[in-house]
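Data block below; observations after.
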Amino acid sequence: YELPELYQFLKAESGSHELDIFEQMSKMGACKIVPGGSFFAQSEMEYESRVHSLLRDLVEPEKALIPKPKKRRTKVKRDIEGRLRQIGILGKRGEELESHKVIPNHLIADGVEVDLVLRNGSYHILETVDVVQESISTKKVFSEIGFTTIVFEQAKMVFGSDQIVPRLIYQASANLESLAAPALAAVEHQGIELINWESATDRNRLVEILANLASSSSPKSGSENWIDASTKSRIELN
């Protein structure tokens, strides 16, 4: 039944009072029906405002909550965090940019997080991408790398284009790096420094740059002369 037809049917069948019919209709459907009401307004403006308020509260549907996009945590980001934690320059939960440490997952705008950021004069923005699966498609690679450019552009809008130092850290073997080459070239063309985490030279240079820029925690015993062993040859370690 449509509501008017249902009302007429119940009225004819029961002969009940209008309020009783409304109560019966409320029990039969998903909508709650209440008796009509009234209000008084002192002016046309007050009337329009009141009508708008009633429509908003009683008629217009609630806006659906927009789910916050979640960035996939990359393997290279986990590796970087592990290295930075070892030398005491990775920010802990609750620490802000003022600590001059490398802060992970820093929210710079609604729904936009930077993988890692360090403030020391400039804002050092680090985004990470994994290109490690042999089965990965070119489209997927371009999509992953393309998203980082959005983050970098947002960082420019928030901090100022002359205040950020953007770096894209990716992990890729030689054959997969060639697959990602066009997208990486486009990123580099925008003034973003590229760092291949698979390269011992690139990896060691990045860690040294961040270590020199960041404020470290009190060094642990024996860590004053810390080196990244994974970047050293056996002869150098001996």
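The values are calculated or read from the model by the stated rules, or taken from the named source; none is laboratory data. A quick note: this is a predicted structure, and the numbers were derived from the prediction, not measured. SASA here: full protein model, heavy atoms, side chains in, ligands and nucleic acids out. Shrake-Rupley method; radii C 1.70, N 1.55, O 1.52, S 1.80 Å.
Beyond 24 Å in Cα-Cα separation lie the following of the pairs 75/139; 101/140; 77/101; 92/140: 101/140; 92/140. Couplings for segment 106-115, taken from phi via the Karplus curve 6.51 cos²θ - 1.76 cosθ + 1.60 with θ = phi - 60°, read 8, 7, 10, 7, 4, x, 10, 10, 8, 4 Hz in order; Gly and Pro are left as x. Within segment 74-215, what whole-number % of the accessible surface is contributed by carbon and sulfur, with the 1.4 Å probe and all protein chains included in the calculation? Carbon and sulfur: 49 percent of the exposed surface of segment 74-215.
Per residue, how much accessible area does segment 93-226 show when a 1.4 Å probe rolls over the protein heavy atoms, in square angstrom? Write down the numbers at each step before the final one.
Numbers: 6860 Å² over 134 residues.
Computed with neighbouring chains in place, this is 51 Å² per residue.
Principal axis extents of the C-alpha atoms in segment 74-175 (largest first, rounded to whole Å): 41, 32, 22. Taking amide H atoms as placed 1.01 Å from N in the peptide plane, the amide H of residue 129 lies under 5 Å from those of 169, 170, 171, each 5 or more residues away in sequence or on another chain.
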